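Each value in this text was obtained by applying a stated rule to the coordinates, not by laboratory testing. None of the values given here were measured: they were computed from a predicted structure. For neighbour counting, all protein chains shown are included, and Cβ atoms are generated from backbone atoms with ideal geometry for every residue, glycine included.
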Amino acid sequence: MRNLRPILLVEDDNVDAMTVKRAFRELKIVNQFVRAVNGEEALNYLRGHLNEKPCVILLDLNMPRMNGIEFLSVMKADNELRQIPVVVLTTSKDDRDKVKSFKSCVAGYIIKPVDYRVFVEAVKVFDSYWTLSELPSSTPENAAVDPKKLPVPKRHKLRWVTKD
C-alpha cells in the first residue's frame, strides 16, 4: 500500500488473523497491523487519542461481544471515524450481511477463500485497489461533514418535454 498508516484488522480468529498477516507479508505489504478481536476493542483503539488512525479497516462480521455489523453502526455514526474506509473480510455469504454492510457504506465485501493461494490473490487485488485509491488526509479540515449542517438545496420542478 502506498499509504503507510496502519491497517486495523478486526478479527477474532487467530488462524484467520495469521493468514491475513502471512499473505500481506508474502506480498511485501509493509503497513503495520493493529489487531482487535471484536468491534468493542476496535472502537477503543480508534478512539484512543494517541493511536494513529488506520488507512483501512479489515472487518470480520462474526465476532463475540460486538460483531461487525454492530461495529459499523457505531463507527459510521461517529463523525471522527466514519471516513475511514472499511472492507469486510468474512466467511459470510449471506445476502443480508452484504446488504447491511453496504448500507453502512463499506468500501468492499470480500468472502475469505478457503484455499490460501486464492486468498493471496484476493489480497493482491485488494492491495492494488488501495494503492491506486486516493484517501483524504487525516487533517481536521478534511474531517467528515455533518449532513445535517449542509444547506438544503432548492427544489426545482421538472418539466417533461415531448416532441410531437
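R0 = 45 Å: FRET efficiency of residue 14 with residue 132, Cβ-based, nearest 0.05?
So, using R0 = 45 Å, E works out to roughly 0.90.
Taking the Cα centre of region 1-47 as origin and charging only Cβ (+1 Lys, Arg; -1 Asp, Glu), how large is the dipole, in debye to the nearest 20?
Here the size comes out at about 440 debye.
Using each residue's phi in region 104-117, evaluate 6.51 cos²θ - 1.76 cosθ + 1.60 at θ = phi - 60° and report the 3J(HN,Hα) Karplus result to the nearest Hz, with x for Gly and Pro.
Those phi angles translate into 8, 6, 6, 7, x, 9, 10, 8, 5, x, 6, 6, 4, 4 Hz.
Residue by residue, what Karplus-based ³J(HN,Hα) values in Hz, rounded to whole numbers, does region 118-126 have, using 6.51, -1.76 and 1.60 with θ = phi - 60° and x for Gly and Pro?
5, 5, 4, 5, 5, 5, 4, 5, 4
Quick one: which residues, 5+ away or cross-chain, put their amide H under 5 Å from the amide H of residue 35? H built at 1.01 Å from N.
The list, which skips near neighbours in sequence, is 9.
What is region 38-97's relative contact order, in percent, from Cα pairs under 8 angstrom and six or more apart in sequence?
After rounding, I find 40 percent.
If you place +1 on the Cβ of every Lys and Arg, -1 on the Cβ of every Asp and Glu, and leave all else neutral, what size is the dipole of region 7-149 about its Cα centre, to the nearest 20 Debye? Don't skip to the end; give the middle numbers.
Details: 20 positive and 21 negative charges, 34 e Å.
The calculation lands at about 160 debye.
Give the relative contact order (percent, whole number) for region 7-149; include only Cα pairs under 8 Å separated by 6+ residues.
Details: 179 pairs, mean separation 32.3, N = 143.
Taking the mean separation of contacting Cα pairs over the length of region 7-149, I get 23 percent.
Starting with the fewest neighbours, write out 11, 121 ranked by other beta-carbon atoms found within 10 Å of each beta-carbon.
121, 11
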